[in-house]
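This report refers to the structure that appears directly beneath it.
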Amino acid sequence: MQIPDHGMDRTALFAMLEEYRVNDANWRSGKVWGYVYDAGEEVDNICKQAYTMFLTENGLDPTVYPSQLRLENDIVAMAASHLRGDKDVVGSFTSGGTESLILAVKTARDYARAMRPQIQNPEMVLPYTAHASFHKAGQLLNVKPVLVPVDKTSFKVQVDEIEKAITADTILLVGSAPSYAHGVIDPIEQLAALAIKHKLLLHVDACIGGFLLPYFRLLGENVPDFDFQVPGVTSISMDLHKYAYAAKGASVLLHRNKNLRKYQYFSCAKWPGYSVINSTLQSTKSVGPLAGAWAVLHFLGKDGYLQIAADLLAATRKIIAGIEQIAELQILGSPQMTLLAFSSDKVDVFHVADEMKERGWYVQVQLAFSGGKQNLHLSVGPSSTKWTDDLLADLKESVAKAKKLKPGGLASKLKQTLAKIASSTMSEESMLQMMSMVGITDGQLPERMAEINTILNSMPPEICESVLIQFFNDLYVPTNKINRR
Ligand SMILES: *Cc1c(COP(=O)(O)O)cnc(C)c1O
């Protein structure tokens, strides 16, 4: 594709855009149990109006755009009070959970550089259930992730295991509230005590739970303290584009005080242009996401959020009870919020996911890791709560159908081949060959994914990672006449 020689008619170009999205997952349907946190059309419209109102304002310089400064200070104040911080708690608005976590790790690294300059190779201790973004932060910032196993039944980190992993190079401890994969909350109070004892920073990843859990507590749920109420917690991340229902591109990173936050910041005077001072990774950025989030927080208010939370809680309980009644399935751990995972010893869950897809549902596949089992994940969102009965009925049917399906032969054949590959030494050629064998051509995935998932599941993680990169590398290719994607 090239830039058209002549400008297009707006009707025609919007028609093209509509056509482009015909195959997208329908987020408004409520049948997509992941990716979307949709609180309905009214909330959506409020967000859109505020977002487009500030679309063109530049968040690069708060002295030129005081509206950006005001909106961000408002949002950080609301977030800090929601997580029971005192007047010293400060923070930043970021583009998402990943950016918040990268900045939390940068803060810890640069704080350690200042306070413990003897450390050459900094390490962070992560429960293996910690979000993948910590691994990304580690790669980008040269902070080594030290993975610690979690309890095999509760999926919570074992604090004594964390303590064993602390070395003279440790700069940061991490806990999740809750973890994405299993929806369970790590013992934050105990982790915080450990952080104080060893004079370490502790980041609480409350990207998905920080906003909703306080409402669950108000509804009478037994939510353990995970926020600034706990001495020893030094930073918390909380996404607004999840359970605060803001448009994507909205998260907050909070720090215990300004003295810690300054290590998050970047400034540069070593170039001939304008003096650069950045609070986050991005420099030029739209004020739209900030204004959108601000508007939704004000539109819904505490009572609006509480009402949605009650609905989510009831739906999640119902789904958990329903899954527990399907003999072939087991819920993993005891989910404490709206995220849950289930596995099976009697049926191939990858087939179950395919069967659910045929019935119009999207459920997320999670591969086995660190001695665990492959499983399926559901995130309950506001637009999904009306579907609990239908979901459970179709799940039951899908399990029955999947039981009759035999595992594909290809997976077991490839498994033997894969077992022979020592580490991440798979050549690009053999990788391509393998991908075409399982039906991936030109980056197009087959309708049924069970075989591919079985293969990915049996690979060592390093090989799986290179296969996934290869897949994306083939998927993102400039549009040409033959390949019209
Ligand atoms: C979603 C999530 C993240 C990553 O956030 P993005 O907004 O996808 O970048 C990190 N941690 C947890 C627990 C999450 O649920």
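The values are calculated or read from the model by the stated rules, or taken from the named source; none is laboratory data. This structure is a prediction, so every number in the text was calculated from the model and none was measured. Please note: Cβ atoms are built from the backbone with ideal geometry, for glycine as well, and neighbour counts cover all protein chains shown. Accessible surface areas use protein heavy atoms only, side chains included; no ligands, DNA or RNA. Shrake-Rupley method; radii C 1.70, N 1.55, O 1.52, S 1.80 Å.
Overview of values
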item	result
In sequence order, calculated HN-Hα J values of region 170-176 (Karplus, 6.51, -1.76, 1.60; Hz; x Gly/Pro)	5, 10, 8, 10, 9, x, 10
Fully extended contour minus Cα-Cα distance, from SER370 to ASN45, at 0.36 nm per residue	112.7 nm
Over region 296-393: Rg over Rh, Cα atoms, Kirkwood Rh	1.02
Order by protection proxy (mean Cβ within 10 Å, highest first), peptides 180-186, 388-394	180-186, 388-394
Diffusion coefficient, µm² s⁻¹, Stokes-Einstein with Kirkwood Rh over alpha-carbon pairs of region 201-286 at 4 °C and 1.567 mPa s	86
Estimated [θ] at 222 nm from DSSP helical runs (n ≥ 4, -39500 (n - 2.57)) normalised by residues in the chain, nearest 500	-13500 deg cm²/dmol
Length released on extending from ILE196 to ALA12, taking residue separation times 0.36 nm less the Cα-Cα span	60.1 nm
3J(HN,Hα) from dihedral phi, region 357-363, Karplus parametrisation 6.51/-1.76/1.60, rounded to Hz, x for glycine, proline	4, 4, 8, x, 9, 10, 10
Ranked by how many other beta carbons lie within 10 Å on average, peptides 50-57, 87-94, 251-258 from highest	251-258, 87-94, 50-57
Span per principal axis, largest first, for the Cα atoms of region 149-277 (Å)	57, 41, 25
Per residue, the convex hull volume that the Cα atoms of the chain enclose (Å³)	183
23 Å Cα-Cα threshold exceeded, pairs from LYS318/LYS404; LYS144/LYS197; LYS48/LYS285	LYS318/LYS404
Spin-label proximity, CYS268 to region 121-140 - amide N less than 17 Å from point 7 Å beyond Cα toward beta carbon	none
Order of exposure, largest accessible area first, which applies to HIS203, HIS6 with probe 1.4 Å	HIS6, HIS203
